[in-house]
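Here the structure comes first, spelled out in C-alpha cells, and everything after it is commentary.
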Amino acid sequence: MHDYGCNISYCYFNSSRDQFTLAVYAAWRCFKNFPELQNDARDLLVSTARYCENVITPESDGNLLRLDGRPGIYSSVWNAAPHEMLRLPMFYAAAWDATGDDHWKKLALQYADPGTDATLKMNEANLFWWDITVSQMQISLAVLSDISIGNETLHRKYKKAMALNRVHILELFRKQLHNAETFTGDWTAAAPDWRTCPMRLLQPPAVPKEDGVFEGFTYANPKRPPEFHQVMEYTRSLGNLLFALALDPAAEPDPDMLPRCRDLLDKMDFKHMNVNGILQLQQGLWSAASRNWTGENSF
C-alpha cells in the first residue's frame, strides 16, 4: 500500500469524489461555525488537501485513486465532466481558508480558473443532470464564492455558473415535486436486505467488460424494490435540490413550491419511513429555513 500521508488502519479502500466533496464541505462548515471543532476540522482539511496534492498528478489523470494506488471508479476530479471540475480547487481553497498557508492558495488558484471555464460549458455537454450532480457542483461554487480567493473576474464566473446551475436545479425540483405529489405508493415501504437484492454491475468507461470486474474487483449496486426505490429517490432528491437552491444567494423558490412541499410532508409518516432520503429532506428544509423561505404558512 502506498503512503499518501494518511494514517489509516482499517477502512474501505475506494472512495469517490462525492464522498470527498461532502466530507470537505462538512469539515469546512465545522471550521467556520464551531470554534471547539476548529483544530480537528483544520487537520481534516489539510490532510485531504495533502492527499490530493500527492495523488492528483499527470500519471493519475486527475483520479483520487484507491488506497492501493490504482484508479478509483467515479473518482476523477480533474480532466472530468463540467460539474466535477471545481471539486479539487474547492479542496485546496478550504485548506487555505483554515490555515492561511499560501501553498494551498497557490494550488487552489492553479485549478480554479481553468476549472471554472470548464464548468461554464455545462450546457454544452451531453450530461445527465440529477440531484446529486447539481447539488455537489453548487457546494463547490458556494465554498469558492465564500472564500476571498482569486480576483473579481473569477468570482463573477462563480456567480454565472451558479445561475446556470440554478436553471437545472429548479427544473429538476419542479419535476420531482410533481412526481412525489402524484405518487400513490406506500411511503413506509419496508427496507430490503441489500445482501439479498439483485445486483447491478456498474461498468466504468474504457474498461474491458468482464462481468463488471474492474482491476480485480466488482463494483455493484443493489437493485432495490421499485416502490422503496421511488420513496428513497423522491425524499433524497427533493432534499438535495432544496439544499442546492438555498446555497445560491440569488435563488428564490417558486411562490407555490414550499406550500406544496408542506402538503406533501403531511402525507409522510416519518416515524415509520425506512429510507435515508429523509436525512437529505431534513437538510433541505433546514437550509430553506435559513433563507427565511419557510414562513409560518409554509412549514
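The values are calculated or read from the model by the stated rules, or taken from the named source; none is laboratory data. Because the structure is predicted, anything quoted here is derived from the model rather than measured. Cβ sites come from the backbone with ideal geometry, for glycine too, and all protein chains shown count toward neighbours.
Residues of the stretch 149-191 that are of a type in the set (Ser, Thr, Tyr) and either touching a helix residue (DSSP H, G or I) at 6+ places or on another chain (Cβ under 9 Å) or part of a helix (DSSP H, G or I) (or both): THR153, TYR158, THR188. Listed by first and then second residue, the pairs linking a residue in the stretch 122-146 that is on the phi < 0 side of the Ramachandran plot and not assigned by TED's automatic domain parsing to the domain that holds PHE243 to a residue that is among the β-branched types (Val, Ile, Thr) and surrounded by fewer than 18 Cβ atoms within 10 Å (Cβ to Cβ), with Cβ atoms under 9 Å apart and 6 or more places separating them unless they lie on different chains, are ASN123/VAL167. Here ARG200 does not fit the description of being at pLDDT below 95, over 30 Å from SER145 (Cβ atoms) and in a helix (DSSP H, G or I). Candidates in the stretch 153-175 are the residues that are over 28 Å from TYR234 (Cα atoms) and not basic (Lys, Arg); of these, the one that is surrounded by the fewest Cβ atoms within 10 Å (Cβ to Cβ) is THR153.
Quick one: in the stretch 1-40, which of the residues that are touching a Ser or Thr at 6+ places or on another chain (Cβ under 9 Å), among the hydroxyl-bearing types (Ser, Thr, Tyr) and within 17 Å of GLU53 (Cα to Cα) is modelled with the lowest pLDDT? Among those residues, the one meeting the criterion is SER15. The condition of being at pLDDT 95 or above, over 25 Å from ILE132 (Cβ atoms), hydrophobic (A, V, I, L, M, F, W, C) and surrounded by fewer than 24 Cβ atoms within 10 Å (Cβ to Cβ) holds for only one of LEU44, LEU109, that being LEU109.
Does LEU141 satisfy the condition of being part of a helix (DSSP H, G or I) and farther than 16 Å from PRO253 by Cα? Criteria met by LEU141. Residues in the stretch 119-131 that are within 18 Å of the chain's Cα centre (by Cα) and either of a type in the set (Lys, Arg) or surrounded by 18 or more Cβ atoms within 10 Å (Cβ to Cβ) (or both): THR119, MET122, TRP129, ASP131.
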